[in-house]
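**Q** The following block contains the structure, expressed as structure tokens.
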Amino acid sequence: MIKRSFFGIARPKLEYDTIEDVRPEPVSVKPGRRVTLFIDAPFTRAGRTMIKKGDSVVPGQRLQLYEDNPKAYTISPVAGRIAEISSFLGMMEKQMTAVIIDIDQEGGDSADTPFKEVSQNPSLQEAARFLAASAGKPDLAQFQDPDRSVKTIVVLGADRDLMTVTNQYVIKTGIASVKTGIDILRKITGVQNVVITVAQHQVQVAGSTAAGVRAVGSKYPLAHPEMILRYLLPEQTGQGGIALFTAEAVASIGEAFSSGLIPMEKIVTTVKKDGTRKLVSVTVGTPITDILAAVGEKIEPGDRLIAGGPMTGAALYSPDHPVEPDTDAVIIQGKETIVEGTDTPCTNCGQCVRICPVNIPVNELVRYMDAGEYEQAAERTALFSCIECGLCAYVCESRIPVFQFIRLAKHAVERMNAAEEANA
Amino acid sequence: MPNRIKLTVSHAPFWHDGSSITTKHYNIIAATLIAVIAGLVQYGLPALAVLTLSVGSAMAWEFLMNLLMRRPVSIGDGSAALIGLLFGMLLPAMVPWWVVIVGTLVAVVIGKQIYGGIGGNPFNPVAVAYAILLISWPLYLDFNAMLVDYSFNFKAAYPLVLYKFQGTGALDFGMMDLLLGRQTGGIGATFGLGLILGGIYLIIRGFIRWEISVSFLAGIFITALCFNLCNPEIYASPGFHLLTGFSLIGAFFLATEDSSSPVHFFPMLIYGALGGFLTVLIRNLGAHVDGVIYAILIINLIHPLIEKIRPKAMGRIMHHA
């Protein structure tokens, strides 16, 4: 954890990590007994799902939840039997469905999945039908949205959060797959304008992809997607219609169509309690417990387990939580390093205002939010300009959970707007 | 078998830079020490009594208000101690004990707690207390009257009183003497060098905002210089204004109080410069001897207004319905 410098007048230096020159060979982690997969749809029609408890599945099998919603599906990474389908509540009341599969070690093989056949002839429709749950979580459905016309594809080769090097690793070792992925994306979407954003030291590597290369600064949060859109590519953002993909997602597309298999192995940056980093290559859906065992880390009561980076990740309440297709990092923090929030009011010291990358008057925003005036916060203090980088809460002297406050306020305003629209 | 280990679950970010308001307050207290020790050397035990009573009673009032308002006890965060210390530093060494206690009562209760405690006060609590006391019992805050029992090896008249009532002709202070505290005044407000060093320490550590201090001093300097150039026979030099009265303690320790000052760049400059300007205006043209306290109260008052001058937030995202 980077602490405030003695010379507090200088801004805190939060720099992205760069991957070591010596190629770190990732530790391969296979799921032990079961995998958990999430489907992005509420589990409301229990009796009428297309998949049932007890169904046996093979690797690469498409598990669609409802007949009438082809977008709500996942891919089984293993052979086994569905042990449970249940409702799962994610961040900010996001309703999802969890599918738990008990692994059958001698289970069937994946040679003849339906994807193998369609992969000979890449098409957007089939890519969207099979790849949404693959490593990196490529969102291809956004090209099928009739209200949106995508003009530019941006490949994010620099990791958005600190300590994470997953996408850097993909650029370093899998640039060929990224290139294939970009070629396929161009072909199936018809969007020719592709930009790849990478850390300064990888500009040369990324040059081989025949996409426009943009270097991203090393200071947090310059590699944050919203920062890239606003500062690095303002003209493209102005035209509207940008589709964002992580480098890993594009590599998945490339690999899928060249091998005929849906890539379900993902790179996860693991940071142990002592701060050392280990890359693991893990099957999507694997419980984090299995990763902990593989990297030799033991968690104790009071520790914090984080899926994602230190600034924007999500704390987990159980080590049984699975690796999701877009989980780029897993961080374990010892309980002695945890700085707790307080309910001390804002003292107006202005640290947050000076560090905010998008000039939000955070001191005023906090006051509106404290009073529950979320609409005022949105109107007067640019609540929705926030890119959710977490820096305000990082520097807060009163240790107010500002970032959580902002999430809550946005959620409340969105819910109010939705209710108004429904009543209109 | 579900894993039953209880983990710490909280919202991002999971890093914190380790700063806290307690650290900040104790650092500000530490930064006053050079000036405070110089004051103690000059005024002896009575000054120590005033300072300890001031700090102690401020913390006692804070504790009492915590109990009355059923809020968590907050005397440990250093805020009340700092208010007490700064208030004591403004007082003459021989001030009656009850004036100190009433002063800290006003500072902590009326200046801070009735607005909801730390962070809620629209005015600097110390300035509020000092202004109310100055109006109520001007005699006890009159440095010439209060320090009459002392004998100094320098001119014992309070420089700003001399300036106000006898004009520039009576001012035969050397700048170096003023800087080194060879003048009468508040216990902790006369040793200019100590205040400057403390202020620079706080600026480097990032505990106060340099924009406010620098523009406050620049405001005093430029305004005083203009007056001085117009008529040097009537108006004192800018150096005199900078080194006497509460100019330095005001610039580094009072105007920079977080809750009552702006945080954006240009508002900070305007806020400070206006404070300096008003200080000299009150001293040169107004009825009062020193203008710092009133100037700070006035800029506190306008701070929410000038805070509106700020950069536009980048790219307002249309939130998807």
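Derivation of every value follows stated rules applied to the coordinates shown; laboratory data play no part. The structure presented is a predicted model; accordingly, all values stated were derived computationally and were not measured. FYI the Cβ positions are ideal-geometry reconstructions off the backbone, even for glycines, and counts take in every protein chain you see.
**Q** Taking 8 Å as the Cα distance limit and 6 or more residues as the minimum spacing, I'd like the relative contact order of the stretch A:33-104 as a percentage.
**A** Relative contact order here is 41 percent.
**Q** Among the listed pairs A:K172/A:K219; A:K3/A:K410; A:K13/A:K272; A:K219/A:K272, which are separated by more than 26 Å between their Cα atoms?
**A** Going by Cα-Cα distance, A:K3/A:K410 fall outside the 26 Å limit.
**Q** Starting with the fewest neighbours, write out B:M94, B:M89, B:M175 ranked by other beta-carbon atoms found within 10 Å of each beta-carbon.
**A** Starting with the residue having the fewest Cβ neighbours, the order is B:M175, B:M94, B:M89.
**Q** Compare the Cα positions of A:T286, B:G116, A:S252 along the charge dipole of the protein assembly as shown (+1 at Cβ of Lys, Arg; -1 at Cβ of Asp, Glu; about the Cα centre) and return the one farthest towards the positive end.
**A** B:G116
**Q** May I ask you to sort A:F88, A:F43, B:F143 by Cβ crowding, counting other Cβ atoms within 10 Å and putting the fewest first?
**A** Ascending Cβ contact count within 10 Å gives the list A:F88, A:F43, B:F143.
**Q** Among A:I101, A:M311, A:V395, which residue has its Cα furthest toward the positive end of the charge dipole of chain A, with +1 on Lys/Arg Cβ and -1 on Asp/Glu Cβ?
**A** A:V395
**Q** Give me, ordered by chain and number, the residues 5 or more places off B:F152 or on other chains with an amide H under 5 Å from its own placed amide H.
**A** When sequence neighbours closer than 5 places are left aside, there are no close amide H contacts.
**Q** So how far, in whole Å, is the C-alpha centre of the stretch B:85-114 from the one of the stretch B:235-313?
**A** Here the two parts' Cα centres lie 21 Å apart.
**Q** Also: Using +1 at the C-beta of Lys and Arg and -1 at the C-beta of Asp and Glu, which of A:I75, A:V35, A:Q125 has the Cα lying farthest in the positive direction of the dipole of the stretch A:1-140?
**A** A:V35
**Q** Moving on. Distance between the C-alpha centers of the stretch A:338-415 and the stretch A:187-206? Whole Å please.
**A** For the stretch A:338-415 versus the stretch A:187-206, the Cα centre distance is 34 Å.
**Q** Right, another one. With a 10 Å Cβ neighbour count serving as the proxy for reagent exposure, in which order, fewest first, do A:E324, B:E307 appear?
**A** Ranked by crowding around the Cβ, least crowded first: A:E324, B:E307.
**Q** Okay, moving on. Rounded to the nearest 20 Debye, what is the dipole magnitude of the stretch A:182-241 about its Cα centre when Lys and Arg each give +1 and Asp and Glu each give -1 at the C-beta?
**A** Once rounded to the nearest 20, the dipole reads 40 debye.
**Q** Could you work out how far the C-alpha centroid of the stretch B:168-182 sits from that of the stretch A:113-129, in angstrom?
**A** The stretch B:168-182 and the stretch A:113-129 have Cα centres separated by 88 Å.
**Q** For A:T270, list long-range residues whose amide hydrogen, built 1.01 Å from N in the peptide plane, is under 5 Å from its own amide hydrogen.
**A** A:K278, A:L279, A:V280, A:V330
**Q** When you look at the Cβ of every residue in A:383-394, what mean number of other chain Cβ atoms sits within 10 Å?
**A** Per-residue shielding by partner chains comes out at 4.
**Q** Less than 18 Å apart at the alpha-carbon level, and either on another chain or at least 8 residues along: which aspartates and glutamates does that give for B:K155?
**A** Within the straight-line limit of under 18 Å, B:K155 reaches these aspartates and glutamates: B:D142, B:D172, B:D177.
**Q** Charges only on Cβ, +1 for Lys and Arg, -1 for Asp and Glu: so what's the dipole of chain B about the Cα centre, in debye to the nearest 20?
**A** In debye, rounded to 20, chain B gives about 1060.
**Q** Could you list, in their original order, any pairs among A:K71/A:K187; A:K52/A:K298; A:K298/B:K24; A:K187/A:K266; A:K151/A:K266 whose Cα atoms are separated by more than 30 Å?
**A** A:K52/A:K298; A:K298/B:K24
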